[in-house]
Every structure is written in structure tokens, then in C-alpha cells.
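Below is one structure, written out as C-alpha cells; comments come after it.
The values are calculated or read from the model by the stated rules, or taken from the named source; none is laboratory data. Because the structure is predicted, anything quoted here is derived from the model rather than measured. When we count neighbours, we look across all protein chains shown, and the Cβ atoms used for this are built from the backbone with ideal geometry, even at glycine. Keep in mind that these areas ignore ligands, DNA and RNA; they rest on the heavy atoms of the full protein, side chains included. Shrake-Rupley method; radii C 1.70, N 1.55, O 1.52, S 1.80 Å.
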Amino acid sequence: MGDWAFGVAEANAMLPLLRSILRDVTALAHSLRERQQVLARVHPSSDGKFLDVYQEEVRQAQEVLERDQERMHEYEAELKKLGVELKDYFTGLIDFYALRDGREVFLCWKLGEPEVAH
């Protein structure tokens with residue numbers, strides 16, 4: 001569990017910051033998926049090379065994809081530092097670590113929900 005243990009009030013107090021981060025995470029997740037699908041549809045010629053016309057475009061698309069993947073890792077690290085675990089990139093589902101009756105539990109919240117309720 002680490003050093004973080006949230007109560008519902010503490011988790012709810014973090015929501016403005018988390019909403020901002022998770023809006024970026026979900027937008028980036030959808031963008032990454034679309035970019036990966038586009039790159040997967042680009043097939044090299046029979047000799048394993050991309051047509052010269054497309055090589056530069058594909059290389060640039062791959063570089064952008066790699067930069068965005070690195071950005072996603074940075075978002076994950078930022079959330080982890082806040083004591084939050086990202087469960088779903090596309091919906092913004094997260095878990096807060098909490099203690100209830102001496103047991104480790106998770107308080108779940110998803111982007112779009114008004115507050116942490118359980």
C-alpha cells in the first residue's frame with residue numbers, strides 16, 4: 001500500500017487536480033490507440049520496406065507515438081506519487097488506497113463522477 005491511506009474526504013479533496021490529470025490521460029489514451037491503429041494498417045512492401053513516399057511520414061508518426069507513450073508514463077508516475085493507482089486509461093478509473101477496519105481497501109472513482117462514494 002505504501003505511505004498513502006485515504007479517507008473519503010481526503011480523496012474527494014484531491015478530485016479537482018485528478019480531474020485535470022485524468023482528462024489529459026483519457027484524451028492521450030484515445031489518441032495513442034488511434035495512432036497505433038493507423039500505423040498497424042500501414043503495411044511495408046513485399047521486400048519489408050515502406051514505399052519511399054510514406055517512409056518519412058511513418059517515421060514521424062512513430063516518433064510522435066513514442067513521445068506520447070513517454071508522456072503517458074509520466075502521467076502514471078505523477079498519479080502514483082499522489083497515492084493513486086490508474087486502473088483504466090480510457091475511462092479515467094482510479095483507486096485510492098485506504099484502510100477500513102484495519103484492512104487495506106480501495107476507494108474507486110471514475111472521471112465524470114461527482115465524488116468518491118465507495
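For mean projected area of the Cα convex hull in nm², the value calculated from this model appears in (1) 8.2; (2) 10.8; (3) 9.0 under label (3).
Note down the net charge around Asn12, summing +1 for each Lys or Arg and -1 for each Asp or Glu among other residues with Cβ under 15 Å from its Cβ. Net of charged neighbours comes to -2. With respect to the chain, whose longest principal axis is taken over its alpha-carbon atoms, helix 52-81 is tilted by about 10°.
Rolling a 1.4 Å probe over the protein heavy atoms gives the chain an accessible area of 66 Å² per residue.
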